[in-house]
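Engineer: This is the structure I want to talk about, given as structure tokens.
The values are calculated or read from the model by the stated rules, or taken from the named source; none is laboratory data. Bear in mind the structure is a predicted one, so any value in this text is a computation, not a measurement. Glycine also receives a Cβ, built like all others from the backbone with ideal geometry; neighbour counts cover every protein chain displayed.
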Amino acid sequence: MAGLFDEPSVSYVQVAIERSVDQFPDGLTYGVPERLYPLQIGQLVTVPLGKGNSPTPAWVIATTDEPSKLSTGKEVKQVYEKDRDAIILPLELVELAKWISQYYFTPIGPSIATMLPGPVRHGTGLVTKQLLDIASNPTPDVTITKKQQAVLDAIASTPESERPIEPTTLMKLANIRSRSPIDRLIEHGQLTCHHVTRVEATWFRQSVDTTIPSELTDEQVTVITNISSALKGYSSHLLFGVTGSGKTEVYIRIIEKAIEHGGMALVLVPEISLTPQTAARLMGRFPDKRIAILHSALTKAQRHQQWSLVAEGKADIVIGARSAVFAPIPKGQLRIIIVDEEHDNSFKQDQAPRYHGRDVAIRRAWMAACPVILGSATPSMESWWNATKRNISTLHTLTTRAPGLVSPIIEVVDMHHERQQGEIGNSVLSSKLERAIHQTIATDGQVLLLLNRRGFAPWIACASRTCGWMLKCEHCDSSMVYHRRKPLEEAGFVRCHHCGVEQRVPKQCPDCSKKIIQLGAGTQRVETLLRETLHLPNEHIARLDSDTMRKSSDLHAVLDKFGRGEIKVLLGTQMIAKGLDFPNVQLVGVIDADTAIDLPDFRAAERTYQLVSQCCGRCGRSEKKAKAIIQTFSPDAAAITLASKGAYEQFAAAELALRKTSHVPPTTRMVRFIIRDHNFEQAAGRADSLADRLKSIATDSINVSPAATCVLPRISDRFRFDVIVTAQTSKELQLFLKVARKTVKQSRDLAIDIDPISML
Ligand code: ADP
Ligand code: ZN
Ligand code: ZN
């Protein structure tokens, strides 16, 4: 690395440094010495950074023969080295990164870093392995011990397709504890040994029972015909199909057509580990296609491997969660993008760049000139608005369930009434729901119960009516949630769901020394209650939430058991409201439909509608009768009455009218600036001055709200304020942000959220 700038630069490049370099949101300029010329866009290089010129990896994002205009007067540093082994980022991804950086107000480096799985960025997952095979010309007349013979027998009985084989596997097959018989056999020329360095490449196969429907419904045929006629060039489609209407079948048929003559299809699903069924069904239906899976539950090596297969153009179908929208599909290969359950919040990343996978998918389809299909039974207001009011997307509907599926009977239970009738503290299960659970189990059906609240009890308070003490987190403005160690044991602790801090439960009220009581119910308490009241064998009841599901294999195990009928009652958080398809579910119970309804967020009603409607859609997936019972304290709320009638269009029309009068998305576009500081005055001061600065550059079409404390005013000892900016159109908002970029300094204590989905 000596002789830093002594060679002349023959060309120049703009590079993106992975870690955020705040002053240079668009990348840095470097000269290219002759020995490295030419450099390609998307190539990984090493550049000197900072005063110490420390070698730093960076991606080339633009090349030019002219010295950069930015660098007048200053000496331009030179690229040190290029990384020859790294895969070059497809041009489309570099373009996409530039768009993300601009649209989501993030420096280019972190935007590229977000696109690349860690194992790819760090080159991990490359393994050198020793693999063994039977020698093609074994040395004759060698004395073979008993153990060595066991090894030879084991490898001989291994099918050729599974050889060469790893030494540890061979040891298992031969039932030996030590490697030495294998080493002797190699020495004596009976086994050959290969050393292989590669990204281990295997295709995933999950065998699922995938019956092909004998006949498509008329509605399915219409949708497939209409979308198939638009496979050339960019187009955007919203597939609004009630739960169980056979949307997956529509995707499958359209994918078949789209990649008939080659190319790739990209399918995005929410949190793949929570929706294993969709991925498995697609795999089952395309037995001779090469399907790559991109998601975080894979091992590092697998992630690198699947990514490389896509980058090398070897896959036909790519399935993954949010970040799979950045699959390195080679230029010109992408034929269609499908976003299943497009309304799902997990498509939005909650750290910078705060991108929305669905919106990036639309942009990517536009760049690749291919169609994008957004599918949902409960479309987001954004997508509904785009399809019905802005006409920038075509609406396709499936109004009836697929043949063989029944529509559940939906009942709403007013819990005020139950509370008056029932015993104190036992209003978790209404008598109606409890009876229905018993009846369903008696007729050998299965039950899904939803409660979107973890832990045992969400509040710990003083028993005295006059005292009013409640256990709050010391670091956040939120109450501590009581968790039990085991469902049937009293011992427990409290945890803050915002900062994760845990502590013991105080023995008595610190203010008045009275007894302490637990208020409300989370999944853990309901589980306890179910176990006490249903009198079922222990293994017939299971709870599914992020406390019990530490790994995705835990989830698979529970779902498998449920699928085999070994679990009768499955209780869970919103995890169970997503895409599950089990024909024997005859009862769905929503234990508390109100978990989102009163949140101070303009999307509270939309969330409630989605949760209730999606959850009810999990039953009636066979010809057996099906019922859904929704427990609520707001039986008259539109979100609940309309969800129980399946009247999405009516709900959406009313909701959009409300949004319009209150000037919130999707009828306007929004950006939220969140300021955090350990010091309250500092936070308030910075928020005020930010609001002032933004106001000073706002044009007439931009509305800047005064700075205000967030709904959660303090998290992890940091005070939070926000400034909200809205504009009539995205274009106006982006023009404003372009100017704002010059005055707003990016920092750790400022989060900038474009198109925010949560207002807390
Ligand atoms: P959605 O995604 O709209 O909720 P699915 O695609 O899961 O619906 O379909 C529900 C069930 O109906 C699946 O088991 C699917 O195999 C079945 N199905 C889909 N289309 C048909 C059809 N035309 N005839 C019979 N069964 C169908
Ligand atoms: Zn906390
Ligand atoms: Zn008290």
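Engineer: Can you find a residue that is assigned to a helix (DSSP H, G or I), surrounded by fewer than 15 Cβ atoms within 10 Å (Cβ to Cβ) and within 36 Å of the chain's Cα centre (by Cα) anywhere in the stretch 142-160?
Structural biologist: Checked against the condition, which is being assigned to a helix (DSSP H, G or I), surrounded by fewer than 15 Cβ atoms within 10 Å (Cβ to Cβ) and within 36 Å of the chain's Cα centre (by Cα), the stretch 142-160 yields no hits at all.
Engineer: Please enumerate the residues belonging to the stretch 688-725 that are more than 31 Å from the chain's Cα centre (by Cα) and acidic (D, E).
Structural biologist: D688, D692, D700
Engineer: I need the full set of residues from the stretch 223-240 which are among the β-branched types (V, I, T) and either without any contact (Cβ under 8 Å) to a residue 60 or more places away in the chain or more than 16 Å from ligand 1 (Cβ to nearest atom) (or both), in order please.
Structural biologist: Residues of the stretch 223-240 that are among the β-branched types (V, I, T), as a first pass: 223-225, 227.
I224, T225 - these are the residues of the stretch 223-240 that are among the β-branched types (V, I, T) and either without any contact (Cβ under 8 Å) to a residue 60 or more places away in the chain or more than 16 Å from ligand 1 (Cβ to nearest atom) (or both).
Engineer: In the stretch 330-340, how many residues are at pLDDT 95 or above and part of a loop (DSSP other than H, G, I, E, B)?
Structural biologist: 1
Engineer: Go through (1) at pLDDT below 90; (2) buried (at least 19 other Cβ atoms within 10 Å of the Cβ) and name the single condition Q206 misses.
Structural biologist: So the condition that Q206 fails would be (2).
Engineer: Among the residues of the stretch 97-118, which ones are in a loop (DSSP other than H, G, I, E, B) and more than 13 Å from E18 (Cα to Cα)?
Structural biologist: Looking only at the stretch 97-118, we keep the residues that are in a loop (DSSP other than H, G, I, E, B), and these are 104-107, 116-117.
Correct list: Y104, F105.
Engineer: Which count do you get for residues in the stretch 564-575 that are surrounded by 19 or more Cβ atoms within 10 Å (Cβ to Cβ), of a type outside the set (A, V, I, L, M) and out of contact with any His (no Cβ under 8 Å at 6 or more places or on another chain)?
Structural biologist: So the count comes out to 3.
Engineer: A further question on this structure: Kindly provide the set of residues from the stretch 425-472 that are under 21 Å from K568 (Cα atoms), among the polar types (S, T, N, Q) and over 30 Å from the mean Cα position of the chain (by Cα), ordered by number.
Structural biologist: S430, S431, Q439, T440, T443
Engineer: Same structure, new question: Applying the selection to the stretch 623-654, what residues are touching a Leu at 6+ places or on another chain (Cβ under 7 Å) and closer than 28 Å to I441 by Cβ?
Structural biologist: Looking only at the stretch 623-654, we keep the residues that are touching a Leu at 6+ places or on another chain (Cβ under 7 Å), and these are 627, 629, 631, 650-651.
K627, I629, Q631 - these are the residues of the stretch 623-654 that are touching a Leu at 6+ places or on another chain (Cβ under 7 Å) and closer than 28 Å to I441 by Cβ.
Engineer: Filter the stretch 456-472 for residues that are farther than 25 Å from A628 by Cβ and within 16 Å of ligand 2 (Cβ to nearest atom) and give the result.
Structural biologist: At the first step, the residues of the stretch 456-472 found to be farther than 25 Å from A628 by Cβ are 456-457, 459-472.
Once the filter is applied, which keeps residues that are farther than 25 Å from A628 by Cβ and within 16 Å of ligand 2 (Cβ to nearest atom), the stretch 456-472 yields W459, I460, M470, L471, K472.
Engineer: Return the only residue of K561, K625 being more than 23 Å from the chain's Cα centre (by Cα), surrounded by fewer than 23 Cβ atoms within 10 Å (Cβ to Cβ) and farther than 24 Å from S431 by Cβ. Give the steps one after another, and end with the answer.
Structural biologist: Working: K625 fails: farther than 24 Å from S431 by Cβ.
So the residue among K561, K625 that is more than 23 Å from the chain's Cα centre (by Cα), surrounded by fewer than 23 Cβ atoms within 10 Å (Cβ to Cβ) and farther than 24 Å from S431 by Cβ is K561.
Engineer: Here's something else I'd like to know. State whether one or more residues within the stretch 686-698 are over 22 Å from H663 (Cβ atoms), among the acidic types (D, E) and surrounded by 14 or more Cβ atoms within 10 Å (Cβ to Cβ).
Structural biologist: yes
Engineer: Next question, about the same structure. Could you go through the stretch 251-260 and let me know if any residue there is surrounded by 21 or more Cβ atoms within 10 Å (Cβ to Cβ) and either within 16 Å of G118 (Cα to Cα) or within 16 Å of ligand 2 (Cβ to nearest atom) (or both).
Structural biologist: no
Engineer: Now for a different question. Can you say whether A647 is out of contact with any Lys or Arg (no Cβ under 9 Å at 6 or more places or on another chain) and under 24 Å from R354 (Cβ atoms), as far as the supplied structure shows? Spell out the reasoning first.
Structural biologist: Numbers: out of contact with any Lys or Arg (no Cβ under 9 Å at 6 or more places or on another chain): yes; under 24 Å from R354 (Cβ atoms): no.
Spelling it out, it is not the case that A647 is out of contact with any Lys or Arg (no Cβ under 9 Å at 6 or more places or on another chain) and under 24 Å from R354 (Cβ atoms).
Engineer: Further question: Can you pull out every residue in the stretch 332-355 that is under 23 Å from S613 (Cα atoms) and buried (at least 24 other Cβ atoms within 10 Å of the Cβ)?
Structural biologist: Residues of the stretch 332-355 that are under 23 Å from S613 (Cα atoms), as a first pass: 338-348.
Answer for the stretch 332-355, where residues must be under 23 Å from S613 (Cα atoms) and buried (at least 24 other Cβ atoms within 10 Å of the Cβ): I338, V339, E341, E342, H343, D344, F347.
Engineer: Say we look at the stretch 558-571 and pick out the residues that are part of a helix (DSSP H, G or I) and out of contact with any strand residue (DSSP E or B) (no Cβ under 9 Å at 6 or more places or on another chain); which of these is nearest to C496 (Cα to Cα)?
Structural biologist: Step one: of the stretch 558-571, the residues part of a helix (DSSP H, G or I) are 558-563.
When the remaining residues are screened for being out of contact with any strand residue (DSSP E or B) (no Cβ under 9 Å at 6 or more places or on another chain), the result is 560, 563.
Details: D560: 32, G563: 34 Å.
Filtering the stretch 558-571 for residues that are part of a helix (DSSP H, G or I) and out of contact with any strand residue (DSSP E or B) (no Cβ under 9 Å at 6 or more places or on another chain), the one nearest to C496 (Cα to Cα) comes out as D560.
Engineer: Separate question: Could you tell me how many of the residues in the stretch 484-514 are touching a residue at least 24 places away in the same chain (Cβ under 8 Å) and away from ligand 2 (no atom under 14 Å from the Cβ)? Walk me through it before giving the result.
Structural biologist: Pass one, the stretch 484-514, residues touching a residue at least 24 places away in the same chain (Cβ under 8 Å): 484, 487-488, 492, 494-495, 497-499, 501, 505-506, 509-512, 514.
Checking which are away from ligand 2 (no atom under 14 Å from the Cβ) leaves us with 484, 487-488, 492, 505-506, 509-512, 514.
Residues flagged as touching a residue at least 24 places away in the same chain (Cβ under 8 Å) and away from ligand 2 (no atom under 14 Å from the Cβ) within the stretch 484-514 amount to 11.
Engineer: Can you pull out every residue in the stretch 535-554 that is surrounded by fewer than 21 Cβ atoms within 10 Å (Cβ to Cβ), free of Cβ contacts under 8 Å to residues at least 60 places away in the same chain and of a type in the set (D, E, K, R)?
Structural biologist: The answer is E539, R550, D554.
Engineer: Residues of the stretch 495-515 being more than 16 Å from ligand 3 (Cβ to nearest atom) and among the charged types (D, E, K, R), which ones? Before you say what the answer is, go through the steps one by one.
Structural biologist: The initial filter retains those residues of the stretch 495-515 that are more than 16 Å from ligand 3 (Cβ to nearest atom), namely 495-504.
Hits for the stretch 495-515 are R495, E502, R504.
Engineer: Does Q728 qualify as being among the polar types (S, T, N, Q) and either under 13 Å from F105 (Cβ atoms) or within 27 Å of the chain's Cα centre (by Cα) (or both)? Reasoning before the result, please.
Structural biologist: Details: among the polar types (S, T, N, Q): yes; either under 13 Å from F105 (Cβ atoms) or within 27 Å of the chain's Cα centre (by Cα) (or both): no.
When the stated conditions are applied, Q728 does not pass them.
Engineer: Could you count how many residues in the stretch 635-658 are surrounded by 19 or more Cβ atoms within 10 Å (Cβ to Cβ) and over 20 Å from T243 (Cα atoms)?
Structural biologist: Final tally of qualifying residues: 2.
Engineer: Does the stretch 668-678 contain at least one residue that is of a type outside the set (S, T, Y), under 22 Å from P600 (Cβ atoms), exposed (fewer than 15 other Cβ atoms within 10 Å of the Cβ) and in contact (Cβ under 8 Å) with a residue 60 or more places away in the chain?
Structural biologist: Checked against the condition, which is being of a type outside the set (S, T, Y), under 22 Å from P600 (Cβ atoms), exposed (fewer than 15 other Cβ atoms within 10 Å of the Cβ) and in contact (Cβ under 8 Å) with a residue 60 or more places away in the chain, the stretch 668-678 yields no hits at all.
Residue by residue, here is whether (1) within 16 Å of ligand 3 (Cβ to nearest atom); (2) modelled with pLDDT of 90 or more holds:
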residue: A442; (1), (2): no, yes
residue: Q446; (1), (2): no, yes
residue: C462; (1), (2): yes, yes
residue: K472; (1), (2): yes, yes
residue: M480; (1), (2): yes, yes
residue: P487; (1), (2): no, no
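Engineer: Here is a further query. Considering (1) closer than 13 Å to V13 by Cα; (2) modelled with pLDDT under 90; (3) crowded, with 18+ Cβ neighbours inside 10 Å, say which one T56 fails and leave the rest.
Structural biologist: The one condition T56 does not meet is (1).
Engineer: What are the residues in the stretch 20-41 that are modelled with pLDDT under 80 and either surrounded by 13 or more Cβ atoms within 10 Å (Cβ to Cβ) or touching a Cys at 6+ places or on another chain (Cβ under 7 Å) (or both), if any?
Structural biologist: Going through the stretch 20-41, the residues modelled with pLDDT under 80 turn out to be 20-26.
S20, V21, F24, P25, D26 - these are the residues of the stretch 20-41 that are modelled with pLDDT under 80 and either surrounded by 13 or more Cβ atoms within 10 Å (Cβ to Cβ) or touching a Cys at 6+ places or on another chain (Cβ under 7 Å) (or both).
Engineer: On to the next question. Within the stretch 520-534, is even one residue of a type outside the set (V, I, T), surrounded by 15 or more Cβ atoms within 10 Å (Cβ to Cβ) and either within 16 Å of ligand 1 (Cβ to nearest atom) or closer than 30 Å to F721 by Cα (or both)? First the steps, then the outcome.
Structural biologist: The first filter runs over the stretch 520-534 and keeps only residues of a type outside the set (V, I, T), leaving 520-522, 524-525, 527, 529-532, 534.
After this cut, where a residue has to be surrounded by 15 or more Cβ atoms within 10 Å (Cβ to Cβ) as well, the list is 520-522, 524-525, 527, 529-531, 534.
Then drop every residue that is not either within 16 Å of ligand 1 (Cβ to nearest atom) or closer than 30 Å to F721 by Cα (or both), which leaves 520, 522.
The answer is yes; a qualifying residue exists.
Engineer: Within the stretch 112-136, how many residues turn out to be modelled with pLDDT of 85 or more and over 26 Å from the mean Cα position of the chain (by Cα)?
Structural biologist: 4
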